[in-house]
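Down below is the structure, laid out as structure tokens.
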């Protein structure tokens, strides 16, 4: 059983994860926040929060993605994965500008993860 589309979705999700981590590193440098400090100006805190939330979300997302691929299908999982990636990017870009504007990206992300989980359960029950 090949899962190339789900594999590409995983690679894209990991790229988003790395992008958010790099943005924290850049913010540390730009705003003079030396490790291990996690407090600084609002711009740094937003970058840090985006990265931490991405870590929190990817822990739910990756098992849901692969369970969906295994039990429901590669294409459905990949579509859900693409939606998750778009949601994470939307979330990050909105949060970097203004934390109060992050909700739509977050909702898209969590909806993708829960949809993947639901499809995995449906696939298991078939």
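Numerical summary
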read-out	value
Residue check, residue 106 under 14 Å from the mean Cα position of the chain (by Cα) and buried (at least 16 other Cβ atoms within 10 Å of the Cβ)	yes
Subset of the stretch 22-51 that is assigned to a helix (DSSP H, G or I) and exposed (fewer than 15 other Cβ atoms within 10 Å of the Cβ) - its residue that is nearest to the chain's Cα centre (by Cα)	22
Which listed residue, of 19, 84, 71, 8, is farther than 30 Å from residue 125 by Cβ and either touching a helix residue (DSSP H, G or I) at 6+ places or on another chain (Cβ under 8 Å) or modelled with pLDDT of 95 or more (or both)	19
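The values are calculated or read from the model by the stated rules, or taken from the named source; none is laboratory data. This one's a predicted model, so the numbers in the text were calculated from it and none came from an experiment. Note that each Cβ is placed from the backbone with ideal geometry, even for glycine, and that neighbours are counted across all protein chains shown.
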